[in-house]
Each structure stands twice: as C-alpha cells, then as structure tokens.
1. Hey, which of these cross-link pairs are over 18 Å Cα-Cα: Lys277/Lys475; Lys277/Lys396; Lys215/Lys472; Lys383/Lys472?
2. Please report the spacing between the Cα centers of region 31-74 and region 193-269 in Å, no decimals.
3. For helix 162-176, report the angle its Cα long axis makes with the longest principal axis of the Cα atoms of the chain; keep it between 0 and 90° and round to the nearest 10°.
4. Heavy-atom accessible area of Met343 with all protein chains present, probe 1.4 Å, nearest 10 Å²?
5. How large a share of the accessible area of the chain, in percent, is made up of carbon and sulfur atoms when the probe is 1.4 Å and the other protein chains stay in place?
6. Tally the DSSP beta bridges in the chain and give the antiparallel ones as a percent, rounded to 5.
7. Could you state the angle between the C-alpha long axis of helix 218-228 and the longest principal axis of the C-alpha atoms of the chain, as a value from 0 to 90 degrees rounded to the nearest 10?
8. If packing is taken as the mean number of other Cβ atoms within 10 Å per residue, what is the order of 79-89, 428-438, highest first?
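The values are calculated or read from the model by the stated rules, or taken from the named source; none is laboratory data. Quantities reported herein were computed from a predicted structural model and do not represent experimental measurements. Backbone-built Cβ (ideal geometry, glycine too); neighbour counts: all protein chains shown. Areas reflect the complete protein model, heavy atoms only, side chains present, ligands, DNA and RNA absent. Shrake-Rupley method; radii C 1.70, N 1.55, O 1.52, S 1.80 Å.
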Amino acid sequence: MNNFAFASAVAATASQLAQRSGTDGPAVVVGVLLRNGPEIITSMFAAWSLGYALNPINPALTDDDVRFQLRDSATSVLIGDERAKAIANEEGIAFLSVADSCFSRTPGPGHDADLASGVVSPSGSVNVSQVVSATVPAQNDTAFVVYTSGTTGKPKGCVLTYGNVAAMVASIHAGVGFDERSRSLLVLPLFHCNGLLIGTLAPLASGGSVHIIPKFEASNFWNVVEAERPTYFSAVPTIYSILESTTRRHVDTRSLEFVVCGAAPMAPDAITRFEEKFEVPVIEGYGLSECTVCATLNPIDDRRPGTVGTALPGLEVAAMDSDGVLLGPFEVGEVVVSGKTVMRGYLGLQEATAEVLHDGWLHTGDVGYLDEDGYLVLVDRIKDLIIRGGENIYPKEIEDALFGHPQVTEAAVVGRPDEKYGEVPVAHVALREGAGVSVEELQESLEAHLARFKVPSEIYIVESLPKNSVGKIIKGDLREK
C-alpha cells in the first residue's frame, strides 16, 4: 500500500471515529480488538489524528477479560469484527466494523500486508503531521493505554503519552540508525509495545516500511523473509529457539542486517547457535511497557552476549539497593530507569503507580547490575528469587546453564516448597525434536557448571512450556504444578 492510499484510509477512518465518538479531545479512548493486520495501524493513526488514545486489546483474551479492559479504560469506540460488535453492543459502546468502507484501501485481516515506505516519506509528500494530526497533540495527552499481562492480579493499564511515544521513537532511531531503507517484518502482536513501537512506528517514522504477518508460523517464516526482504525483525527468545531448532534447509538471510530480541533474556548459548546457523547478529534489548518498550539495546558494532546492552540515548539505567542508593559497577540491585519514555502511571491506580514511580525512577522489579562500560546484565525478577536454606538462587543462572546443553530449546526454573530447606529449585525443560537426552544427563551437565545447592532437585522434560500471547514463558502455571 503506498503512502497516499494509507493516508486516505487513515483520514476516512478518522472521520468515522469522530462521528461515532460524539466528542472531541483526549478524553476519547478507541479500542481495537483484532489479530495482527494493517487495520490496527490504520486505527492507531486515525485515533491520533483526532488526539484520541488507542487501547489495543489482545484478541486471545476471554470476553470477560475484554470487557474488563474496555470498562477500565472507559473506551468510547471499539473497532473490530463480529465478536467485537457483540461485545460493544453489550457494553453500550459505539462500534466501527473493520469491514467498513473506510478500511477499503487496507488489505483484509488474515492476509500478509505491507505498509509501504513513505508513511513518513523522504520526499515529504506525506509526513507525520499530515498523517497523524493537523495540530500536534499535547505531549502529556494519552496516546496509548497498554495493559500489562496481569501475571499478578488484574492487568494494569499503562498510560503512555504522545511525549513518551515521540521520545521512544527518537531514542530507538538514535540507538539503531533506521532510515528509508529500513524494512520491518512484523512478527509480534500489535497489542504489545514491542510490535507497535519497534516493529511499526520506528521504521515508519524513518521513511521505511513494514510487512505484517498475521501470526508467527515457523514452517513458512523463512519463505516470507526470502520473499519480502526485510532488514530486521523483532521477536522473543521462544521464536528464535523454534527457528533455530526446526529449520532444516539453507536460508537466504542476506537482507537481514540484524534481528532484535526482547521480552525476556536470551541465553548466550542460544544466541550463539542462532547466529552461527543463520549468520545474522542478534541484538538483545531490555524494557517494559512502563517505559514505552525499550530501555537498553546492545550496540550493533559492540554487542556483548549475556548482557542486554547499554541505555538508549536519552535514558538512564541504573541498579539500586533497597535503601534507594545507586550502586556501582558489578553491584547487584533492582534495575531502575529514568527518562522521557517512562509512563505517566497506571490508569486509575495511584497506589500501584506510587510503588513503581518514585524518587525520579521507574522501579522495574528486575534484578541486575551494570558492568564497567554500562552494559546491563539481568540476574532475574525479584519475585522469582528462590531462597533455599538461606541461600539465594536466581533461576536465570540455572536456565542459562540448561541452555548450554545443545539439545535444550526451552527451560524454566521455579521454586517449590520444601519442608527441610523452605524452597528448592525445580526445572522444566523442552528438547529438540528427536533428542534422546535423559534427566540424569541434564543433571550431570548442571552439576559440572553450578554450585551443588543450585542444582534443581527435580527436572521435568516436557513437550513445550506454557507461554502467554507474547511468547513469554508463564512461570505461574509451572509453580501451580
């Protein structure tokens, strides 16, 4: 789709949204309930052209979870299909069908589709102010209400402003160097900040392009790469593990300048296996929705596997102790982030906001340290810490050791209550197809690399591990087992 067709679709959608919302200004929240497709991006730009906020909803949620998100965000208009229409009618919310003529220039849902170079055109024929708004929205007005995964209680709505989004895109550009040749293969879901910012806005805002696939399918993924010639894609460790372990043929990856890995740390051994097999550098980054997506990224020319890189330009990342004191190199503490990308807060949740935003820092709940050059090494989540007989055990260390075995494709370690020690580590592992590794062999491999008290008391070999819709392993499900 060329830039003029896209701008036309955005303008037509904005007109329909304005009619259905019945009001003007930043109080309007537009929900979109669809699986990956260009209609979501059209809806985003249309909402922003009116100064509205976008509430992207995970289509895998139950109807009850969708209703919660709609009510919590006070969504005024819902865009979607027949399912979304039924929910909108039940909730008394205005509805805009994805089949409406305003989307006619956008390829239908369920099909691969392009947003062509020139949504921000190098020639200036269509630029941000023309597509997004005739008058730039106030920097502190809400651009997104993005909901957390809800692994601890109800999901919380992260309020991200237009200023947050602009700062994040500028920071990504400064850190990576996108230009009009940049072409994203959009793999991750568009209800998540990674897909929205790194996969979509960053390349479009540099005059580049985006090719959207409805969902990740390992069997066809490399065919799409070879046909569409993206310069990069962003994915999660699970996707890289699947691609590395299941690809049997030679793949033409010459168009790929790099690939980005986020959402969870990727074991150094897993990175090495992927890079050697496909001859593409893996750039690990770290961030969370609360800071609009990304806080650190490994420099392309100076990557350090085992780290998630240095702070992106315009952001500050540090480790802090429990007394609020910033720590020096190699001192382990809570990872904190500061900068213009940090959210305004959790929607309607003052106490929860105050818990994570105070003293000028976003407190992430992650444990890590910075090396002498400012590269961040993640140790684990604070809540995942296992205390065995008074000894602190971070599951990530055990998981990285498991990934050192060439037959391991997925690994997760959780704590299990124990009468003698209080808590002991238990590992859940998925293996390559056809692998004949036994529990005893894995145990011996760990004993060679870990202190005895860190070796899991049990190892379970499973077909696959439970994951959320972004591809992160759900440790809560494993703890319940």
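1. Lys277/Lys475; Lys277/Lys396
2. Computed from Cα coordinates, the inter-centre distance equals 24 Å.
3. 60 degrees
4. 10 Å²
5. About 49 percent, which is the carbon plus sulfur part of the accessible surface.
6. 60 percent
7. Helix 218-228 sits roughly 50 degrees off the main axis of the chain.
8. Averaged packing, sorted descending, gives the order 79-89, 428-438.
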